[in-house]
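Structure first, commentary second.
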Amino acid sequence: MQFAPVNASDLIPITGAYRHRVSPPLIAGYEGVGTVIAAPPAFSHLLGQRVLPLRSAGTWQRYVDCDPWIAVPVPPDISTTLAARAYINPLAALLMLKQWSPAGKRVLITAGGSACALLLAQWARQMGASRITVIHRAPQHGERLQQLGIAALPETQRAEIVAVAQQCDRVFDAVGGDIGQLIWQSLSIDAEFVAYGVLSGKPVRVNAPRPALHWFHVRHTLEGLAHQDWQRLFGELWPLLRASECGEVEIFPLEKWRDAIQCYHQSGRDRKPLLQIS
């Protein structure tokens, strides 16, 4: 392994939140990039190549044994630090936009400082969204969005959030809590609310079948996916990532993993912490 990022999905199991399906001892980490040093004869072409060893836990370690059928080769022109981040957030963004098309729709996105929100906004625009508004907390996140030509709305401006939500067709929410609840309550009955995270720790509570609330989990979406289709998804992702603003990284040696986690939790953070494993 060379690099592995710190994501919310990596940290949640550490807290014990998934104790019903994970039990220690367990190596943390769901994504990253490494170089193949051993492979079965049928996959000898992967030797020496950078790949993403995905679909299982344990990327925060020096050696990972992964299924060669789903090891994703990294194109030569993709940087190693970008490749390390090419799974959790990019794939989630792509799969959500495929399932709930933004074409011709007015889109509202929360968690504007997150990597996934940044990609959702850019790709929704490419896919024909008629309007995109992103709710953010830190001023620097709003500035970054505006530099990309994306409308940014501070989460403190509740009246403006209600006004935008009332005219919105699609919501992609990673926060939940008071903001998520306010948005859902303000939507028209024909709108669709996609919840893909609960950064606030409080899920949105619904008391009516409309507007529709959908829960999205990458893991559930990928269940039963054939390895050919899995590789094809990355064939779609690499061109999108090449043409996108994906944010900066801050690199930490593996032995400084505590500092990397502390960096992840910093309010207003504008860099993705990345563990340098070798």
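The values are calculated or read from the model by the stated rules, or taken from the named source; none is laboratory data. Because the structure is predicted, anything quoted here is derived from the model rather than measured. Reconstructed Cβ throughout: ideal geometry from the backbone, glycine too, with neighbour counts over all protein chains shown.
So the values come out like this:
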read-out: Of all residues making up the range 235-249, the number that are crowded, with 16+ Cβ neighbours inside 10 Å and without any contact (Cβ under 8 Å) to a residue 60 or more places away in the chain; value: 0
read-out: Selected residue [crowded, with 17+ Cβ neighbours inside 10 Å and under 17 Å from residue 134 (Cα atoms)] from 187, 182; value: 187
read-out: Residue tally, condition part of a helix (DSSP H, G or I), over 20 Å from the mean Cα position of the chain (by Cα) and not basic (Lys, Arg), over the range 126-169; value: 12
read-out: Cβ pairs under 8 Å, 6+ apart, first in the range 198-212 and β-branched (Val, Ile, Thr), second at pLDDT 90 or above and part of a loop (DSSP other than H, G, I, E, B); value: 198/174; 198/175; 198/176; 204/176
read-out: Candidate set from the range 75-107 (those that are touching an Asp or Glu at 6+ places or on another chain (Cβ under 8 Å) and of a type in the set (A, V, I, L, M)); member that is modelled with the lowest pLDDT; value: 88
read-out: Check on residue 201, on the phi > 0 side of the Ramachandran plot and either in the same structural domain as residue 98 (by TED's automatic domain parsing) or touching a Leu at 6+ places or on another chain (Cβ under 6 Å) (or both); value: yes
read-out: Filter result (touching a helix residue (DSSP H, G or I) at 6+ places or on another chain (Cβ under 7 Å) and of a type outside the set (A, V, I, L, M)) within the range 137-157; value: 154, 155
